[in-house]
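Here the structure comes first, spelled out in structure tokens, and everything after it is commentary.
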Amino acid sequence: MRSAVLPVIAVMCAVWPRTLLFAAEAPRNSACAAKPVEVAGTGPAWNGWGGTLNNARFVSSADAELTAGNVPGLKLKWAFAFPGDLSAYSQPVVFGGRLFVGSAGGTIYSLDTKTGCGFWSYDALSGVRAAIVIAPFEDGFAAYAADQQANVYAVNASTGKLLWKTRADAHPQARITGSPQFYKGVLYVPVASGEEWAKADPDYECCTFRGSVAALDARTGKQIWKTYTIPETPKPLGKTRNGKQRWGPSGVSVWGAPAIDPKRNALYIGTGESTSEPESSTADAILAMDLDTGKILWAHQLTENSLFRAGCVYSNRASCPDRPGPDHDFTASPVLRELSKRKRVLIAGQKSGLVHALDPDDEGEIVWQQKIGKGGLWGGVEWGPAADENNVYVPLSDLALENVNADTGYRPVPSAGGGLFALRLRDGKKVWSAPPPPACARPGCSPAQSAAAAVIPGVVFSGALDGVLRAYSTQDGSVLWQYDTARDFPSTVNGAQGKGGGIEGPSATISGGMVFVNSGFGQLHGMPGNVLLAFGTR
């Protein structure tokens, strides 16, 4: 019988130079008629993964230029297609009147926010999933990006010219999915790995990768410090059941963007599971690191017995540990929020279906915990919540797969997963919950809400694998507006063939009266697509 994850692993292991869905020779860019000389550092912005250092994914009324009253009037203004791609899952960034976004095919684009016309494009060596960060560089600004081969780039934000390039980790399975954070001239880069899936091969010598955070000089790209989430270097541990060398300890990837805490001069990260024995106490945990030295200040493990690798789901379990644990990574970025002048909370959503609130001023002690879903391999909280001054808004994935037949294999269950939860920041009590999206009949469709949320005063945006972007009232969870992105877009601003699909990774970017969202998720048998959509009310 065909394994539920066999087709998935083939996709997850790949580090694509291109992920083809349509003819890749289609035009990539339409040039703006009048290019400004320099990117300006003024105006509304959404910079990096969470829009701010605290990863709250919250936009003020002044920067959003949208309200609960005018969100129902949002209309599609333009569509941009990523030529040849299966997925569109890099967080769009808005800065100085431009939009910056990476593609699964490895191209970084600078577009006009109002029209979608292109200023420049730059070809990275691999797919760009992490959000781009814009920061001052000499007399102008640099766009910092990272790819699926752990390369980090600085390019001139006005021209797209390469300023420097460095590799954050030399391991062949290293990749960067979480956005770097910029603070006081330093770029803090989280590093993850595809080894979790490569080790499904019984002949793979598992495992030698260790997660890390690298601090780079933003002007030169030179490493200031690098801290591994596992201090020990992997060592030989004997042989597997089929005679292959075992290595450990390993794993503990950093999948999400760090949260920066200027008050304590610290950064916070969530980590993934251990991938080989011995289990690390920093796996499936929240870690605090000193910004200047990278020293681990504290670590709070929230799931013990964290050993997991993909070989455990096969009938041939040669590469599976003797006592495997659940796949309960922290893929979502931590969110730092202030409750009062004396009290703060660090919110961490986990694939277990638990939402944790920790005290950043008391070495990560638990303030509250709330269970919102079943959790699992594709379940729980995937890419992250959003938080305003009162509540944290948490989308639930709980994606499920079903076996259709021997020919087509597995597909998403069209009636399983999804839902949005509003939890009170101070105590975790449920304020309201919005039901999952209705079951859908399209091939590859799922109601799972694995994409991150975004919030403005009065409205929280959440996209789903059914391809629909929804705007919910923060008062009661009622749907104020929705748009089905899973359709053809024959008239894109760059002339490439466009098609929407599932929404995964980031949800919406809100800035300057516009809402931007990527559509297309060609993994997990989902609905592929390759478009960036822009909505406005005027």
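Details
- Selection status of SER110, under 16 Å from ALA215 (Cα atoms), at pLDDT 95 or above and crowded, with 24+ Cβ neighbours inside 10 Å: no
A quick yes/no check of all residues on (1) surrounded by fewer than 24 Cβ atoms within 10 Å (Cβ to Cβ); (2) out of contact with any strand residue (DSSP E or B) (no Cβ under 8 Å at 6 or more places or on another chain); (3) modelled with pLDDT under 90; (4) closer than 19 Å to PHE58 by Cα:
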residue: ASN316; (1), (2), (3), (4): yes, yes, yes, no
residue: PRO321; (1), (2), (3), (4): yes, no, yes, no
residue: PRO324; (1), (2), (3), (4): yes, yes, yes, no
residue: VAL335; (1), (2), (3), (4): no, no, no, yes
residue: LEU358; (1), (2), (3), (4): no, no, no, no
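- Screening GLY418, GLY409 for residues that are modelled with pLDDT of 95 or more and open to solvent by less than 30 Å² (accessible area, probe 1.4 Å) leaves exactly one candidate, GLY418.
- Flag if ALA257 is touching a residue at least 24 places away in the same chain (Cβ under 8 Å) and out of contact with any Pro (no Cβ under 8 Å at 6 or more places or on another chain): no
- Among the residues of the stretch 198-222, those identified as outside any strand (DSSP E or B), under 30 Å from PHE141 (Cα atoms) and of a type outside the set (Lys, Arg) are GLY211, ALA218, THR220, GLY221.
- Those residues of the stretch 147-168 which are surrounded by 24 or more Cβ atoms within 10 Å (Cβ to Cβ) and either out of contact with any strand residue (DSSP E or B) (no Cβ under 9 Å at 6 or more places or on another chain) or closer than 30 Å to GLU277 by Cβ (or both), in sequence order: GLN148, ALA150, ALA168
- Subset of the stretch 416-431 (residues that are within 9 Å of SER446 (Cβ to Cβ) and either over 21 Å from the mean Cα position of the chain (by Cα) or assigned to a strand (DSSP E or B) (or both)): ALA416
Condition check ((1) part of a strand (DSSP E or B); (2) closer than 21 Å to GLY251 by Cβ) across all residues:
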| residue | (1), (2) |
| --- | --- |
| THR159 | no, no |
| TRP164 | yes, no |
| ALA170 | no, yes |
| GLY178 | no, yes |
| PHE182 | yes, no |
| TYR188 | yes, yes |
| ALA192 | yes, yes |
| GLU196 | no, yes |
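- Some residue of the stretch 73-83 being assigned to a loop (DSSP other than H, G, I, E, B), aromatic (Phe, Trp, Tyr) and at pLDDT 95 or above: yes
- Selection from the stretch 62-121 of residues that are free of Cβ contacts under 8 Å to residues at least 60 places away in the same chain and in contact with a Pro (Cβ under 8 Å, 6 or more places away or on another chain): ALA62, PHE100
- Output for the stretch 90-107, where each listed residue is under 20 Å from the mean Cα position of the chain (by Cα) and open to solvent by 10 Å² or more (accessible area, probe 1.4 Å): PHE95
- Taking the stretch 101-149 and the strands (runs of 3 or more DSSP E) fully enclosed by it, the elements with 3 or more residues that are touching a Ser or Thr at 6+ places or on another chain (Cβ under 7 Å) are at 107-112, 118-123.
- ILE269 vs. criteria of a type outside the set (Gly, Ala, Ser) and surrounded by fewer than 24 Cβ atoms within 10 Å (Cβ to Cβ): no
- Those residues of the stretch 411-442 which are more than 20 Å from GLU389 (Cβ to Cβ) and β-branched (Val, Ile, Thr), in sequence order: VAL413
- So LEU125, is it closer than 30 Å to TRP78 by Cα, open to solvent by 20 Å² or more (accessible area, probe 1.4 Å), within 22 Å of the chain's Cα centre (by Cα) and modelled with pLDDT of 95 or more: yes
- The lone exception for VAL392 - which of (1) assigned to a strand (DSSP E or B); (2) open to solvent by 30 Å² or more (accessible area, probe 1.4 Å) it fails: (2)
- A single entry from ALA215, ALA192, ALA257 fulfils the requirement of being over 18 Å from the mean Cα position of the chain (by Cα) and buried (at least 18 other Cβ atoms within 10 Å of the Cβ): ALA215.
- Cross-chain or 6+ apart pairs with Cβ under 7 Å, the stretch 455-476 first and closer than 12 Å to VAL71 by Cα, then open to solvent by less than 10 Å² (accessible area, probe 1.4 Å) and of a type in the set (S, T, N, Q): PHE461/SER507; ARG470/SER462; TYR472/SER462
The values are calculated or read from the model by the stated rules, or taken from the named source; none is laboratory data. Computed from a prediction, not measured in an experiment: that's the story for all the values here. Neighbour counts run over all protein chains shown; Cβ positions are idealised from the backbone, glycine included. All accessible areas refer to the heavy atoms of the entire protein, side chains included, with ligands and DNA or RNA removed. Shrake-Rupley method; radii C 1.70, N 1.55, O 1.52, S 1.80 Å.
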